[in-house]
Amino acid sequence: MKITRWITALALALSLACNSKPATTPSTETNDSSATTSPQTLNLYTWADYIKPELVERFEKENNCKVVIDTFDSNEAMFAKISSGATGYDVIVPSSYMVQVMARQNLLMDLDHSKIPNLSNVDRDYLKIAFDKDMKFSAPYMLSYTGIGYLASKVGEVEPSWNLFADSRFNARCTLLNDMRETIGAGLKFNGFSLNSTDENELAKARDTVIGWKKNIAKFENEQYKNGIASGEFVLVHGYSGDILQVQEENEDIVFVLPKEGYSIACDDLVVPKSAKNPELAFAFINFIHDPDVAAENTEYISYLCPNASSYTKLSAEILANPGIFPSPEVRAVGEVLNDLGDEIVKYNKIWDEIKAAQ
């Protein structure tokens, strides 16, 4: 979830309010599978709480199918499962840097654009900085920013900095993501380095920083931090923008900020593995997701931005004004995309093992 090159989504959204283009294909077109007597099954492998349930029901009804959702909590966990031979998934939702890995290992099917006409709605400005600019293997799903959520009544007025995790006031009341790239990346950004650095000295500094934070946190956590901060169990969490914005609705004391030192930007993508049993249904699902009305409704529900240009004018003023979805230009300038590191990833594996082993 990942830029020195940055997405100007807010400016684009506002400009499109005056110059939006119509959707090319409605999502209500029924897949051929509806003619069969027994419904097909679409097996979706994705992050938890990452699609509006009513949209799943709508897709099932329109395509006479059943959607079965399986979840993962990190790109590495997903990749380990897929690369070890797990089959049966029709659509997977990895982050862009992991799409690069999967494509390089020949795990992904080419997308058939003739069966996904709503790809014409994808934000062309986003595609300029995307890994898969031609959407050969992947279609963008949602943009995410990784930052800090905290309870204003407990933390007070503070500068948005990664060093909050070293503050002894929050001992055992804070969490870091159990995600190698995100957490090492936070340590790198705090020290003024790129979160894609492969310099061993820079990585060592990031390791030492994260080990210092580790002594102050309750645990490394990818899922329960959301409920934890909403309930007040945690007062400070490292997390994804949409996750934290979702639980803001339960607890108005929650604040989401993007650290001044920099942070990661990710785009999670929709891909079809070569082992997919129902690729035609998978293409229909991707087409459905990129219907502008569906994209806007999904963005409103999960608080992540779908980079679908035709959907921007359908978003509420509240979403357009939310700095966790459309950051200011100054904040955008310090964001950075997570990239595939190729063989250099072994350096991160080593550093992560050292962080986990540290007492």
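Points worth noting:
- Helices (runs of 4 or more DSSP H) (entirely within region 72-131) containing at least 2 residues that are within 26 Å of residue 221 (Cα to Cα): 75-83, 96-104
- Residues within region 192-234 that are over 23 Å from residue 173 (Cβ atoms), acidic (Asp, Glu) and either outside any loop (DSSP other than H, G, I, E, B) or not assigned by TED's automatic domain parsing to the domain that holds residue 338 (or both), tallied: 2
- Any hit, region 108-124, residues being modelled with pLDDT under 95 and on the phi > 0 side of the Ramachandran plot: no
- Residue match in region 217-224 (condition: among the charged types (D, E, K, R), buried (at least 19 other Cβ atoms within 10 Å of the Cβ) and farther than 30 Å from residue 319 by Cα): no
- Where residue 284 falls short, out of the listed (1) crowded, with 20+ Cβ neighbours inside 10 Å; (2) small (Gly, Ala, Ser); (3) assigned by TED's automatic domain parsing to the domain that holds residue 177; (4) not in a loop (DSSP other than H, G, I, E, B): (3)
- The number of residues in region 216-237 being of a type in the set (A, V, I, L, M) and either more than 10 Å from residue 254 (Cα to Cα) or out of contact with any helix residue (DSSP H, G or I) (no Cβ under 9 Å at 6 or more places or on another chain) (or both) comes to 3.
The values are calculated or read from the model by the stated rules, or taken from the named source; none is laboratory data. This is a predicted model, so every value here is computed, not measured. Don't worry about glycine lacking a Cβ; one is built from the backbone with ideal geometry, like all the others, and counts go over all protein chains shown.
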